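K.L.:
One structure, pasted below without further comment.
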Amino acid sequence: MSSITIHFKDKEEETLIQNLLQKMKISFEKDEDYFKVTDEMRKTIDEALEQDRSQFVDAFESLKKVSEKYGI
């Protein structure tokens with residue numbers, strides 16, 4: 001048995017594909033639990049939220065520093 005993973009951009013697209021598969025008599029399963037936030041993820045998010053905002057560096061500045069340090 002083969003499987004294909006499809007990520008829909010919105011509910012309308014999801015409904016369209018489901019209806020199409022049903023009309024073609026192709027079985028499908030919808031995995032509602034695709035994304036779960038782990039305890040490690042929660043810990044990382046909580047730590048990030050507790051950081052001092054005055055020390056914040058945006059993504060572009062952070063990438064610039066990494067690029068300069070490692071020559072990439």
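The values are calculated or read from the model by the stated rules, or taken from the named source; none is laboratory data. None of these values were measured; they are calculated from a predicted model. Cβ coordinates were reconstructed from backbone atoms using ideal geometry, including for glycine residues, and neighbour counts include every protein chain displayed. These accessible areas exclude ligands, DNA and RNA; they are computed on the full protein's heavy atoms, side chains included. Shrake-Rupley method; radii C 1.70, N 1.55, O 1.52, S 1.80 Å.
K.L.:
Would you please name the chymotrypsin sites (Phe, Trp or Tyr not before Pro) within the chain that are DSSP coil residues with at most 15 other C-beta atoms within 10 Å of their C-beta?
P.N.:
8, 28, 34, 35, 56
K.L.:
Then there is this: Using Cα positions and a limit of under 21 Å, work out the lysines in reach of residue 30, with same-chain residues fewer than 8 apart set aside.
P.N.:
9, 11
K.L.:
Based on DSSP H runs of at least 4 residues, each adding -39500 (n - 2.57), what is the mean residue ellipticity at 222 nm of the chain after dividing by all its residues, to the nearest 500 deg cm²/dmol?
P.N.:
So the calculated ellipticity at 222 nm is -15500 deg cm²/dmol.
K.L.:
Within 10 Å, at most 13 other Cβ atoms, and a DSSP state outside H, G, I, E, B define an exposed site. Report the longest part of the chain free of exposed trypsin sites (Lys or Arg not before Pro).
P.N.:
Maximal segment without exposed cleavage sites: 37-72.
K.L.:
At a 1.4 Å probe radius, which order do 21, 16 fall into by accessible area, largest first?
P.N.:
Ranking 21, 16 by accessible area, largest first, yields 16, 21.
K.L.:
Just from the alpha-carbon atoms, what are the Rg and Dmax of the chain in angstroms?
P.N.:
Rg, Dmax (Cα atoms, Å): 21.0, 57.
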